[in-house]
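J.: Let me begin by handing over the structure; questions about it come next.
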Amino acid sequence: MQEVRARRVYEHAGPSDGRRVLVDRLWPRGLSKEKAHLDEWLKAVAPSTELRRWYGHQPDKFAEFKRRYESELTEPERAEALSHLRDEAQSEPVTLLTATKDLEHSEAEVLVQLMRSE
């Protein structure tokens, strides 16, 4: 597997980013599609609206968010999207993008950890 990393979608695209995939369900505020420099917007791998609202990016809820999100990722559509990301990472670096300010406590970081642990 090639390198997999998480970055904020608002950061400038870098030459080492490889394939740039937005993993948020909602489009980032104030960002045009041109400035995002995306290769793909993979909404299917994002947490459910219910889970996202419950979590509210509160770091003290992250462990439970991670557990619930990993459970959601076993659902057929999300599992297929995660498998797609894994396939992409076999041939080139993949950068998972999110609008979240706190990368360490984001769904993108959960995905990176899952992909690296295989």
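A short reminder: the numbers here are calculations on the coordinates, not readings from a lab. No experiment lies behind these values; they were computed from the predicted model shown. Methodologically, a virtual Cβ is constructed for each residue, glycine included, from the backbone with ideal geometry; neighbour enumeration extends over all protein chains shown.
J.: For Gln90 and Glu11 in one chain, what is 0.36 nm times their gap in residues minus the Cα-Cα distance, to one decimal in nm? Can you show the working numbers first?
T.: Values: separation 79, 0.36 × 79 = 28.44 nm, distance 2.43 nm.
Taking Gln90 through Glu11 to full extension adds about 26.0 nm, to one decimal.
J.: Calculated from DSSP H runs of 4 or more alone, at -39500 (n - 2.57) each and per residue, what is the 222 nm mean residue ellipticity of the chain, nearest 500? Mind dumping the intermediate values first?
T.: Values: 5 runs with 48 residues, N = 118.
Mean residue ellipticity, 222 nm, calculated: -12000 deg cm²/dmol.
J.: Taking trypsin sites (Lys or Arg not before Pro) that fall in a DSSP loop and have at most 14 other Cβ atoms within 10 Å as cut points, what is the longest piece of the chain between them? Don't skip to the end; give the middle numbers.
T.: Values: sites that count: Arg29, Lys101.
Free of exposed loop sites, the longest segment is 30-100.
J.: Want the number for Leu51 to Glu75: 0.36 nm per residue separation, take away the alpha-carbon distance, what's left?
T.: 7.2 nm
J.: Under 26 Å Cα to Cα from Lys66, which lysines show up? Leave out anything in the same chain fewer than 8 places away.
T.: Straight-line reach from Lys66, under 26 Å: Lys43, Lys101.
J.: I'd like the Karplus ³J(HN,Hα) series for segment 107-113: coefficients 6.51, -1.76, 1.60, θ = phi - 60°, whole numbers in Hz, and an x wherever there's a Gly or Pro.
T.: Once rounded to whole Hz, the list reads 5, 4, 5, 4, 5, 4, 4.
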